[in-house]
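Read-outs throughout are calculated quantities, based only on the coordinates presented, and are distinct from any laboratory measurement. If you're wondering where the values come from, they're calculated on a predicted model, not measured in any experiment. Here the Cβ positions follow ideal geometry from the backbone for every residue, glycine too, while neighbour counts run over all protein chains shown.
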Amino acid sequence: MDTTDILHQALNCLSKGIMIQDINRRVIFFNHACEEITKWSRAKVLGNDCGDIFLCHTSTGMCLTEKFCPGMEIFHGGLSQGSRELLIKRGDGTESWVKMSISPMKNAEGKETHIVSIIEDISDTKRFSDEVLRSKTLSTLGAFAAELAHEVKNPLNAMNIQMAVLEREIHDIKKLGNREKKELLEIVTIVQKELNRLSGFVEECLHFSKTGELNKSNVDVGDILNEIVSLLLPQAQLYGIHIEFNIMNALPKVMIDRDKIKQAILNILINGIEAMPDGGTLQVSAKCIGQEIAISCQDTGPGVPDEIRDKIFHLFYTTKDGGTGIGLSFAQNIVQAHGGTIRLETSPRGSKFVIALPTSQIVNI
């Protein structure tokens, strides 16, 4: 075995990905670790432009073309070496965060001829960092929301009382004609409506600030879903919505905060009803799959556009008129506090949210 073969074998044994490209970004070497990290086979990658394969982009969606490619920056003299975190498209269709550390290979005249990239999968690290940041942010926002809600709640209550007094006084003024009374009462109604909206927002802020405080008990998830469906049925009928409810198999009892999980599911289903003002079908189902209890909420509304799918769980993000943008973030916060997940799944029609509670919450009776 010659030196070249030994070198290739050694590089293939490394746990970190090693990729070598020529001056045109064509890949000439792609070790086994690269295949594991990127899910692209060596045969698919060798001889091709890496940008066409990986479609590298940033977290904001900006594509890293030749203008921003760190490898090309080295060839153009902008960098002597570099390291960058990138989001790449993997061979199995998923996306993954990788760290690419790039260095040039030079000939005897000192001119760059190739680029060596060390590729590391940092998806777990990024996920952990994002969760830590999110947890700290939610904690801060929760404290702020609670303080804000307490400060605003009393003035709002006072204003509501004064508007009720004003409404009564308008009715009692004998000098006013019916037309003038009607105009004044319409103004009072508008103000009362806005005050009620603000009061609702304050209540959501208070609930949001307390999502991490769990009062767990032994709960049958099927009973919760029965209660929710019974509660929503009259509202659904007004919208011309048919509710399909199905529990696939007997669900084990779990240790959860009953009221908070109920509120999280309610938020999802109310969103589904509001997405179908002209009628439709709301499917609610639950089953035990492997190591989780999956609660599915599917509507037949317009669905969530692809461009905002990553934003819908962000606090205060909303596309609804008069929406607060708290509901989905509130639901996610509750579910995650239970060690579960809430996800928007791909659906041929409408929106399908799945709340998954881990079987570690199951109580053996």
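Residues whose amide H comes within less than 5 Å of that of Arg26, counting only those at least five positions distant or on another chain, are absent (H built at 1.01 Å from N in the peptide plane). Could you pull out the pairs from Lys193/Lys260; Lys153/Lys311; Lys287/Lys352; Lys216/Lys311; Lys260/Lys311 whose alpha carbons sit more than 20 Å apart here? Over 20 Å Cα-Cα: Lys193/Lys260; Lys153/Lys311; Lys216/Lys311; Lys260/Lys311.
Compute the FRET efficiency between Thr125 and Glu345 as 1/(1 + (r/R0)^6), taking r as their Cβ-Cβ distance and R0 = 35 Å, and round to the nearest 0.05. It comes to 0.85. Here Leu198 and Arg90 are evaluated by their C-beta separation; at R0 = 35 Å the FRET efficiency comes out at 0.15.
Taking only the alpha-carbon positions of the range 214-272 and ignoring solvent, what does the Debye formula give for the base-10 log of I(q)/I(0) at q = 0.20, 0.23 Å⁻¹? Taken in order of the listed q values, log10 I(q)/I(0) reads -0.80, -0.98. Within a straight-line Cα-Cα reach of under 26 Å, Lys106 can be paired with the following lysines, leaving aside sequence neighbours fewer than 8 residues apart in one chain: Lys16, Lys67. Peptide packing: for 329-335, 222-228, the average count of neighbouring Cβ atoms within 10 Å per residue gives the ranking 329-335, 222-228, highest mean first.
Full extension of the chain between Met255 and Asp49 gives 68.9 nm of extra length, using 0.36 nm per residue less the Cα-Cα distance. For Asn218 and Lys182, the difference between the fully extended length at 0.36 nm per residue and the C-alpha to C-alpha distance is 7.6 nm. The stretch between Asn107 and His8 holds 33.7 nm of extra length on full extension. This uses 0.36 nm per residue minus the Cα-Cα distance.
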